[in-house]
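Trainee: Please see the structure below; I have some questions.
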Amino acid sequence: MFRNYFKTAYRNLFRHKGFTVINIAGLVLGLTACLLIGLFVYDELQYDKFLPDRERIYRVYNDRSAEANTTLAPVPPMFATTLEQSFPEVEETVRILMLQFEANNLVEVGDKRIYESGRFYTDPNFFKVFQLPFKYGSPEKALDDPSSIVISDKFAERVFGDIDPVGQKVSVNKLPYLVKGVFSTKEKFHMPVNFVLPLESAELPADRMKSWSWQQFYTYVKLKPGTDPELTQSKFRGIVRKQIDPDRNKPYDYVPHFQPLDEVYLYSSDFEYDKFIKGNITYVKALSITAVFILLIACFNFVNLATAKSIQRGKEVGVRKAVGASRGQLMVQFLGETVLLTLISVIFAAALTSLLLPSLNAFTGKEMVFNVFTNPLLLGLLLLLTLVVGMLAGFYPAMVLSGFQPVRVLKSAVVVDSRVGKIQWLRHGLIVVQFALSIFLIICAVVVFKQVSYLHNKDLGFNRDQIMFFQMRGEHMFENYETFKNELKKAPGVKNVSVGYGFPGDATAGDRIIVPRNGEKIHHRVTQLMVDYDYINTLDVKIIAGRDFSKAYKTDAGNAYMINETAVRDLGFGTPEQALGKPLIWQVWNDKNPDSLSEGKIIGVVKDFHFKSLYEKVEPTVLQIFPDAYVKVAVKIDAADVAGTIQRVEQVWNKFAPDYPIEYTFMDDTFAKMYKAEDKLKTLLWIFTGIAIFVACLGLFGLAAYAAERRKKEIGIRKVMGAENASIVTLLSKEFIKLVVVAALIAFPLAWYAMHQWLQDFAYRIDIPIWIFILAGLVAAILAFVTISYQALKAASANPVLNLRME
C-alpha cells in the first residue's frame, strides 16, 4: 500500500512540474534561512554552558540611579571581600581588574615580540570559580606566586608553538613571568582572556583595595548549593547602602545586583564599562522571529498552491472514493506527498546551508559547523523538521482533498464542492499573512538601515578624521612625553598632537566632582577627561564660552577646569557664561595622599561632543590638565600623505621607545567598530527580507497562474467581445492587490511598535518617518503586480479560439 502511495506521489510531482518547482524552491529558501539563523542562534546560546556549577555563579554589578539609570559592570574591591567574609552562604568570590584590560601588552619569548590583549589580573581562585579545562599544567595553585602566568592554548601556540610551555619564561611589558599552565579556549567563554596574572602582581595600593567607591573590578560570586540568591542579594544591598552612604546625602545610589552567569553574555549589551564579549538578546530574538516568519511564508505557499491545485485533483479523489478508499487513506496519501516534497526540500536546504555556512562564519566571525553525517543529533533534527513542516504544510490541503464528495466531483469537469468558497478565503487569508510579514520585514530593514546610517554619520561634536591614535610605551617616553610630543609636531604631515587619558572612543574615567554652593559641598558624578593644552585643537572641539587651557596661565596646570554643556546644566550653573569662574573641587588621584583635594575654577565651556557610542547620552564632563594620567597619544595628520606621515611618526617613536613596536589605530575606525553588531543586523535583515519577499512572490506567481488557468474561458469570451490586454491584466491583478493593501494595513502598526521599541536602546535615534511605511507598501504592491502581471499578460495574449474550442 505504501509503495503504491509513493508511486502516486512521485507521478503527481512530475506531472505538475511547475507546481513542484515553485513549492520546492520556496521551501528550500525558507528552510535554508531557518537553518542558518538556527545555527547562529544556537551558537549564541552556548556561551558559558560548559562551566561546572554555572547555575550557582553570579556576576555582581551596580545600578546607578537618581542622576541617571545606568548599569555599571565593574564594582568596588570591597564587594568581594565583604561577600566572602560576612556571608557563610558564599562559596567563592573572584575579582578581575578592569584597569587597562583591553590594552595590548608587549609579550616577548626569545626573539619573538608580539602585542596581545586579554590580560587578566585576578584573585588566585579564578580557576576554582571558572573551571576551564587545562591542556597543560594544573589549575591548583597556578596563581599563588606573583610571578606566575597562566595562558590560553591559542596564545601558547602563537608564542611557543606546539611544545608544552609549562615552566617556560615569558616577558609581559618587560616583566618576567613563569608559565604555570595552559587552558583550553575551545568552549565559548564570555571572557576574552589570553593570559591570567595574579592580582598581587598588579601592586595595587592597600587603601585602594579597601575602597567602596573605586569601581574597577569585575566581580563574581559562587554560592553554596541551596542558597537563595535573591535573599543574599537583599542582605548585601543593605550592607552596601550603609558603607557607601550612611547618611543618605549623596545625589545617587549604587544598587548591587546578582546576574546569573547564563545571562551575562546575552543580557549585558547596555552595561557601561563592560569589556567582555557581549551578544544581544534583542538581536537573537529578532533573527529567531525572522526565521519563523520565513518558514511560515514558505509553508503558507505550500498550503495556498496545494489547495489551489486540489480542484484539479477532484476526479482522482472521486474515483478513489468510488472504489472504496477511505478518507483516512486519502489523507495519508496526500500527507505522504507533502512529506516527500518536504524531504526533497530539506535535502536541498541542507546542501545549500553547507555551501553558505563558510560565508556566514566569515561574516559573523564565528566557527559554526554543519555536518549531518558526523552529528546524529543534527540528522535527527532535520528528520523532525521534515515531519513537522510536512505535516504543518500538508494537513489542511489533505483535509480538503480527502473531503471531496465523489458524486459531485465526478459529475462535472469543475469541482463545485461547498468547500471551494472556504478554500478561497483561506488562500486569501494566507496571502494577507505572507505579505503582512514581508511588509513588516521591509519596514524593519529600512528603519535599521536609517538608524545605522545615522550612527555612522551623526555630527559627534569633534573631528575624528585622520587622527592616528596609539598608547605610550616605555619609561623613557612617559618621562619625556613633552619632548616626544614636540618631536612629533615637527614631523612633516603632522598637524597637531595631543597626549592624555580620555580620548573619544577610548577609556574614560567616571569620578566625583564637588561643587561648593551656599556653604555646602555637593557631590556630582561626572566623566573626567585628563587632557593637555592641545586636546581641544587636535580634535576641533568647539568652545562656546571662555577659553582653552593655555601655558600662559600657570594655574591652568592644576587649578583650572573646562566643562561641557551638559555639565553646565546638571551642575546647576545656568548658562555657559554664568558657569565661568565657578569653583570646582576634585579628589586627586594620588596613591600617597588619597584624601588630597584640588580646587580650581571653570575657565571654559565646550560644546557637547560624543566620546562614547550613541547608545549612551552625553554625560556631564570635566576636562583638566593632569599629566600623571597621560597614557595615549592622538596625532592629527595631513590627508595628502598619510603613508609618509605614518612612517615619519614611527621614526620619532623609535627614538623614544626602541624596545616597543608601534601599534596604532585611527579614531574613525574605532567609532565604526562600535556599531559592528548593528551593521551585521542591517545586512542580515536585508538578506532575509529579500528571501521572504521572493518566497511570497513565488507563491503569488503560482496562484496567479492558477487563477489565469481557471478563468481562461472567461478571458477568451472577454477577448472575443473586444477587451484589451490591459483590462484583462487589471481584472486578474486587482483582487491580489487588494489583499496586499490589507496586508499593509495590518503590518504598519506592528512594524512601528517593534521598531519604536528597538530604537529605545539608543540615546540618540531617528524618528520613524511616514514615508518608510508608504515605501514598504508600494514595494510590496509593485512586486505583487509585476508577479501577477506576467501570468495575466500571458493569459490575455493567448488565442481566445483555442480556449473556447475546448468547451
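The values are calculated or read from the model by the stated rules, or taken from the named source; none is laboratory data. This structure is a prediction, so every number in the text was calculated from the model and none was measured. No Cβ is skipped: glycine too gets one built from the backbone with ideal geometry, and neighbour counts run over all protein chains shown.
Trainee: Mind listing whichever residues of region 509-527 are within 27 Å of ASP540 (Cβ to Cβ), touching a Gly at 6+ places or on another chain (Cβ under 8 Å) and buried (at least 18 other Cβ atoms within 10 Å of the Cβ)?
Mentor: Those that are within 27 Å of ASP540 (Cβ to Cβ), touching a Gly at 6+ places or on another chain (Cβ under 8 Å) and buried (at least 18 other Cβ atoms within 10 Å of the Cβ): VAL526, THR527.
Trainee: How many of the residues making up region 523-551 are under 19 Å from THR575 (Cα atoms) and either of a type outside the set (Val, Ile, Thr) or assigned to a strand (DSSP E or B) (or both)?
Mentor: 9
Trainee: Select the strands (runs of 3 or more DSSP E) contained entirely in region 64-121, then report the ones holding at least 1 residues which are at pLDDT below 85.
Mentor: Here the list reads 70-72.
Trainee: Being assigned to a loop (DSSP other than H, G, I, E, B), among the charged types (D, E, K, R) and exposed (fewer than 15 other Cβ atoms within 10 Å of the Cβ) is the requirement here; does LYS612 meet it?
Mentor: When the stated conditions are applied, LYS612 does not pass them.
Trainee: Evaluate the following for LYS210: is it at pLDDT below 95, over 18 Å from PRO74 (Cα atoms) and among the charged types (D, E, K, R)?
Mentor: For LYS210, the condition - at pLDDT below 95, over 18 Å from PRO74 (Cα atoms) and among the charged types (D, E, K, R) - is not met.
Quick grid of which residues meet (1) outside any helix (DSSP H, G or I); (2) of a type in the set (Phe, Trp, Tyr); (3) closer than 22 Å to PHE462 by Cα; (4) in contact with a strand residue (DSSP E or B) (Cβ under 6 Å, 6 or more places away or on another chain):
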residue: LEU584; (1), (2), (3), (4): yes, no, no, yes
residue: GLU599; (1), (2), (3), (4): yes, no, no, yes
residue: LYS636; (1), (2), (3), (4): yes, no, yes, yes
residue: ASN654; (1), (2), (3), (4): no, no, no, no
residue: PRO658; (1), (2), (3), (4): yes, no, no, no
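Trainee: From LEU175, LEU197, which residue is surrounded by 19 or more Cβ atoms within 10 Å (Cβ to Cβ) and more than 29 Å from the chain's Cα centre (by Cα)?
Mentor: Exactly one residue qualifies, and that residue is LEU197.
Trainee: Now for a separate question. Name, by its number, the condition in (1) under 20 Å from VAL606 (Cβ atoms); (2) touching a helix residue (DSSP H, G or I) at 6+ places or on another chain (Cβ under 7 Å); (3) not basic (Lys, Arg) that does not hold for TYR533.
Mentor: In the conditions (1) under 20 Å from VAL606 (Cβ atoms); (2) touching a helix residue (DSSP H, G or I) at 6+ places or on another chain (Cβ under 7 Å); (3) not basic (Lys, Arg), TYR533 misses (2) alone.
Trainee: Moving to a separate point now. Given the conditions (1) outside any loop (DSSP other than H, G, I, E, B); (2) at pLDDT below 90, report the number of the one that ASP43 does not fulfil.
Mentor: (2)
Trainee: Report every pair of residues separated by at least 6 positions or lying on different chains whose Cβ atoms are under 8 Å apart, first residue within region 165-183 and without any contact (Cβ under 8 Å) to a residue 24 or more places away in the chain, second buried (at least 17 other Cβ atoms within 10 Å of the Cβ) and part of a strand (DSSP E or B).
Mentor: Cβ pairs passing all conditions: GLY167/VAL179.
Trainee: Oh, and also: For region 537-558, state whether one or more residues are hydroxyl-bearing (Ser, Thr, Tyr) and in contact with a Lys or Arg (Cβ under 6 Å, 6 or more places away or on another chain).
Mentor: yes
Trainee: Which one of these is buried (at least 17 other Cβ atoms within 10 Å of the Cβ), at pLDDT 85 or above, farther than 30 Å from VAL432 by Cβ and out of contact with any Lys or Arg (no Cβ under 9 Å at 6 or more places or on another chain): PHE276, PHE258, PHE271?
Mentor: Just a single option satisfies the conditions, and that option is PHE276.
Trainee: Only one of these conditions is not met by SER550: (1) farther than 12 Å from LYS607 by Cβ; (2) crowded, with 23+ Cβ neighbours inside 10 Å. Which number is it?
Mentor: SER550 satisfies every listed condition except (2).
Trainee: Examine region 675-685 for a residue that is among the hydroxyl-bearing types (Ser, Thr, Tyr), outside any helix (DSSP H, G or I) and either more than 21 Å from the chain's Cα centre (by Cα) or modelled with pLDDT under 85 (or both), and state whether such a residue exists.
Mentor: Yes, the conditions are met somewhere in region 675-685.
Trainee: Now for a separate question. So if I check each of VAL129, VAL150, which one is modelled with pLDDT of 90 or more, buried (at least 20 other Cβ atoms within 10 Å of the Cβ), more than 28 Å from the chain's Cα centre (by Cα) and not acidic (Asp, Glu)?
Mentor: VAL150
Trainee: Going by what's in this entry, would VAL447 be described as of a type in the set (A, V, I, L, M, F, W, C), surrounded by 16 or more Cβ atoms within 10 Å (Cβ to Cβ) and closer than 30 Å to THR290 by Cα?
Mentor: yes
For (1) surrounded by fewer than 14 Cβ atoms within 10 Å (Cβ to Cβ); (2) in contact (Cβ under 8 Å) with a residue 60 or more places away in the chain; (3) in a helix (DSSP H, G or I), each residue gets a yes or a no:
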{"residue": "VAL740", "(1), (2), (3)": "no, yes, yes"}
{"residue": "ALA747", "(1), (2), (3)": "no, yes, yes"}
{"residue": "GLN757", "(1), (2), (3)": "yes, no, yes"}
{"residue": "ILE768", "(1), (2), (3)": "no, yes, no"}
{"residue": "GLY777", "(1), (2), (3)": "no, yes, yes"}
{"residue": "LEU783", "(1), (2), (3)": "no, yes, yes"}
{"residue": "THR787", "(1), (2), (3)": "no, yes, yes"}
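Trainee: Pairs please, first residue from region 331-351 and without any contact (Cβ under 8 Å) to a residue 40 or more places away in the chain, second anywhere and buried (at least 19 other Cβ atoms within 10 Å of the Cβ) and of a type outside the set (D, E, K, R), Cβ atoms under 8 Å, 6+ apart in sequence or on different chains.
Mentor: From region 331-351, no pairs qualify.
Trainee: Is it true that some residue in region 562-573 is part of a strand (DSSP E or B), in contact (Cβ under 8 Å) with a residue 24 or more places away in the chain, of a type in the set (Ser, Thr, Tyr) and within 19 Å of GLY510 (Cβ to Cβ)?
Mentor: no
Trainee: Separate question: Residues being more than 22 Å from TYR115 (Cα to Cα), under 40 Å from the mean Cα position of the chain (by Cα) and surrounded by fewer than 20 Cβ atoms within 10 Å (Cβ to Cβ): count how many of those fall in region 463-480.
Mentor: Qualifying residue count, region 463-480: 3.
Trainee: Among the residues of region 481-508, how many are surrounded by fewer than 17 Cβ atoms within 10 Å (Cβ to Cβ) and either of a type outside the set (Lys, Arg) or not in a helix (DSSP H, G or I) (or both)?
Mentor: Qualifying residue count for the region: 5.
Trainee: Moving on to the next point. Of everything in region 590-611, what is at pLDDT below 85 and under 18 Å from MET562 (Cβ atoms)? Give them in sequence order.
Mentor: The one that is at pLDDT below 85 and under 18 Å from MET562 (Cβ atoms): SER598.
Trainee: Separate question: For region 351-382, what are the residues that are assigned to a loop (DSSP other than H, G, I, E, B) and surrounded by 14 or more Cβ atoms within 10 Å (Cβ to Cβ)?
Mentor: LYS366, MET368, PHE370, VAL372
Trainee: Hey, can you tell me all the residues within region 651-689 that are among the acidic types (Asp, Glu) and surrounded by fewer than 15 Cβ atoms within 10 Å (Cβ to Cβ)?
Mentor: ASP659, GLU663, ASP669 - these are the residues of region 651-689 that are among the acidic types (Asp, Glu) and surrounded by fewer than 15 Cβ atoms within 10 Å (Cβ to Cβ).
Trainee: Filter region 485-536 for residues that are farther than 22 Å from GLU565 by Cβ and among the basic types (Lys, Arg); which is modelled with the lowest pLDDT?
Mentor: Here the answer is LYS521.
Trainee: Would you check if VAL633 is touching a helix residue (DSSP H, G or I) at 6+ places or on another chain (Cβ under 9 Å), closer than 30 Å to VAL109 by Cβ and buried (at least 20 other Cβ atoms within 10 Å of the Cβ)?
Mentor: Against the criterion (touching a helix residue (DSSP H, G or I) at 6+ places or on another chain (Cβ under 9 Å), closer than 30 Å to VAL109 by Cβ and buried (at least 20 other Cβ atoms within 10 Å of the Cβ)), VAL633 qualifies.
Trainee: It is to be established whether one or more residues within region 157-171 are within 36 Å of the chain's Cα centre (by Cα), of a type outside the set (S, T, N, Q), surrounded by fewer than 20 Cβ atoms within 10 Å (Cβ to Cβ) and assigned to a loop (DSSP other than H, G, I, E, B).
Mentor: Looking for residues that are within 36 Å of the chain's Cα centre (by Cα), of a type outside the set (S, T, N, Q), surrounded by fewer than 20 Cβ atoms within 10 Å (Cβ to Cβ) and assigned to a loop (DSSP other than H, G, I, E, B), one finds at least one in region 157-171, hence yes.
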